[in-house]
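Below: one structure, written as structure tokens.
The values are calculated or read from the model by the stated rules, or taken from the named source; none is laboratory data. Please read these numbers as outputs of a predicted model, since none were measured by experiment. In this analysis, Cβ positions are derived from the backbone assuming ideal geometry, glycine residues included, and neighbour counts consider all displayed protein chains.
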Amino acid sequence: MIQNLNELQAVLAVAREGSFTKAAAKLGVTPSALSHTIKGLEHRLGLRLLSRTTRNVAPTEAGQRMIRRIGPHFEEIEAELQALSALRDKPAGTIRITCIDYVIETIFRRKLRTFLQEYPEIRVELAIDYGLTNIVEQRFDAGVRIGEAIGKDMIAVRIGPDWRFAVVGAPAYFARRSPPSIPQELTNHSCINHRLTTAGGLYAWEFEKNGRELNVRVDGQLTFNSVIPVVHAAVDGMGLAYVPEELAMPYLQDGRLREVLADWCPTLQGYHLYYPNRRQALPAFSLLVDALRYRA
């Protein structure tokens, strides 16, 4: 009934992505060819494996059983094929990591420059994602989160120092508005919002002073779903921003931004690279982990 393994890979890819278009892009085929392959398999099995609607695609009960029983075997095969790279003279392979743009800008950008030059046959794919992605289900090799947000079933390696937020604005903005002296006054200011991918809501700015914690929901004309555009909008005088201090530091140093409420802004745990504790430590992955490891 199964003519080739590509048919099974097609079903698994569409089920994981929830989209024929996204799955086709990953497999390097057209959506119509992918759909034709799966329909042919369903016809021979006499079972519907995927339930299709105008908005999404989801596995049927039969499809879920196939994914549960067959999916892990494909992952084992892929892991073994990657392990063969250990027999090469030089470490090689592709490493996929999910993280946010702030981490790319402040950690990966600096460390990967030297690493990739040293190991030209290793490839690193960084996917910007502010959601709490399940790296196992989405087939990432690793993810990046602050230390307190990592599950106990994961191995975590610290890759950055503790960091703090800063509330910043451009001199042009403060020429129009008086700086806030307490967080509550932010509700009277034009602020640049950050929408959370996980819940879909706007991020409440978090403050802490003398053991007192305070969350403030701000308002303004601009909203982004990642942090670097927030910094740029603040530099342009579009409003106040609540961003990692390190991202704002170059602009604070040259005077294009000013910080306010500094004594209210909290310090957070450093970012960690995390990955499943059952993951086989391939040479390329182990080398990257060591290169990213934070050394105070």
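Some observations on this one:
- Yes/no for Pro266 being at pLDDT below 95, touching a strand residue (DSSP E or B) at 6+ places or on another chain (Cβ under 8 Å), within 29 Å of Pro179 (Cα to Cα) and surrounded by fewer than 18 Cβ atoms within 10 Å (Cβ to Cβ): yes
- Any chance Glu137 is within 18 Å of the chain's Cα centre (by Cα), in the same structural domain as Tyr274 (by TED's automatic domain parsing) and acidic (Asp, Glu): yes
- Filter result (loosely packed, with under 15 Cβ neighbours inside 10 Å and farther than 16 Å from Val235 by Cα) within the range 169-184: Ser178, Ser181, Ile182, Gln184
- Set Gly169, Gly201, Gly160: member being within 21 Å of Val230 (Cβ to Cβ) and free of Cβ contacts under 8 Å to residues at least 24 places away in the same chain: Gly201
- Answer residue from the range 185-225, given it is touching a Gly at 6+ places or on another chain (Cβ under 8 Å) and not in a loop (DSSP other than H, G, I, E, B) and is farthest from Met238 (Cα to Cα) among those: Arg195
- For first residues located in the range 16-35 and closer than 22 Å to Phe140 by Cβ, partners that are among the acidic types (Asp, Glu) and lie 6+ apart or on another chain with Cβ distances below 6 Å form the pairs Ala23/Glu17.
- Here Ala296 meets each of (1) over 26 Å from Gly151 (Cβ atoms); (2) out of contact with any helix residue (DSSP H, G or I) (no Cβ under 8 Å at 6 or more places or on another chain) with one exception, condition (1).
Residue-by-condition table, conditions (1) among the charged types (D, E, K, R); (2) in contact (Cβ under 8 Å) with a residue 40 or more places away in the chain:
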{"site": "Arg195", "(1), (2)": "yes, no"}
{"site": "Lys209", "(1), (2)": "yes, yes"}
{"site": "Val218", "(1), (2)": "no, no"}
{"site": "Gln221", "(1), (2)": "no, no"}
{"site": "Phe224", "(1), (2)": "no, no"}
{"site": "Val227", "(1), (2)": "no, yes"}
{"site": "Gly237", "(1), (2)": "no, yes"}
{"site": "Pro244", "(1), (2)": "no, yes"}
